[in-house]
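Have a look at the structure below before the remarks.
Bear in mind these aren't lab numbers, they're just calculated from the coordinates by the rules spelled out. Only a predicted model underlies this, so the values are computations on that prediction, with no experimental measurement involved. When we count neighbours, we look across all protein chains shown, and the Cβ atoms used for this are built from the backbone with ideal geometry, even at glycine.
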Amino acid sequence: MEQIRVVIFDCDGVMFDSRRANEAYYNHILAQFGKPQMNSEECDYVHMNTAEQSVAYLFRNDPKLKDALAYRHRVSYLPFIPSMEMEPYLKDFLQYLRPAFRTAISTNRSDTMGPVLAEHGLEEYFDIVVSCLDVKHPKPDPESLIKILDHFGLSPHQAIYIGDSEIDESAAKAAGIPLVAYKNSALSAAYHVTHFKEIEDLLEEN
């Protein structure tokens, strides 16, 4: 890690345990159209993909799909943000990184990313945030990660990407960026960690 210049974070599952908030949000949309709550497979899907993709998946083969997509744009995610739990040591880790390292977010969240950072007092800690609204092709496409590298004028080996899902694994591999798998030992990654302090220790060792 001696050449690392930027640390890139995924949001859901890395910065925050947002599963409870996401489940409540999408179950609210489903209930609006008289559909049952999500099963475990659907919960996993919405946790990784964009809101547009998630609603399309939940209403697949349903004549109410168009109405559900329209409703998704009207219903606010803001009431669900307080249910997102910040991961332990995140803010301390961000304070450790700055100013020696650049910091960025690559997420499949859309217009909710800004309010999430504001709610938890994290806006000042990131140089660039790339959401699915900022790219033509969201993760697992590497476009968001490449956009971050281009922003800083860096090469893939000068970055690490902290992710927790197969989508993150695919995006990092396609971009050529070493993946730090967060709380997911099943991923193929350069490093596996369960706590941000472990990443801090890795950076200290080099």
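Taking Cα atoms only, the orientation of helix 143-152 departs from the longest principal axis of the chain by about 40 degrees. With contacts taken as Cα pairs under 8 Å and at least 6 residues apart, the chain reaches a relative contact order of 25 percent. The magnitude of the dipole of the chain, with charges of +1 and -1 set on the Cβ of Lys/Arg and Asp/Glu and taken from the Cα centre, is near 700 debye. When both segment 1-60 and segment 117-144 are represented by their alpha-carbon centers, they are found 15 Å apart. Show me the GluC sites (Glu not before Pro) within segment 1-83 that DSSP assigns to loop and that have at most 11 other Cβ atoms within 10 Å of their Cβ. In loop regions of segment 1-83 (DSSP not H, G, I, E or B), the sparsely surrounded GluC sites (Glu not before Pro) are GLU2. Note on the chain: dipole from Cβ charges, positive end direction compared against GLY153, PRO79, PRO178; the farthest Cα belongs to PRO79. Report, in degrees rounded to the nearest 10, the 0 to 90 angle that the Cα long axis of helix 196-205 makes with the longest principal axis of the chain. So the helix axis and the longest Cα principal axis differ by about 20 degrees.
Modelled this way, with points 7 Å down the Cα-to-C-beta line, the labels at LYS147 and TYR96 are 2.9 nm from one another.
Take the Cα of HIS192, step 7 Å toward its Cβ, do the same at GLN158, and the gap between the two points is 3.1 nm.
Axis of helix 19-32 versus longest Cα principal axis of the chain: the two differ by about 20°, to the nearest ten degrees. Sorted fewest first by neighbouring Cβ atoms within 10 angstrom, ARG102, ARG60, ARG20 come out as ARG60, ARG20, ARG102. Here segment 18-76 is treated as a sphere whose radius is the Kirkwood value from Cα pairs; by Stokes-Einstein at 25 °C and 0.890 mPa s it diffuses with a coefficient of 218 µm²/s. Once the Cβ-Cβ distance of ASN39 and GLU123 is raised to the sixth power relative to R0 = 45 Å, the FRET efficiency obtained is 0.80.
Enclosing the Cα atoms of the chain in their convex hull gives a volume equal to 113 cubic angstrom per residue. Taking the DSSP beta bridges with both ends in the chain, the antiparallel portion is around 10 percent.
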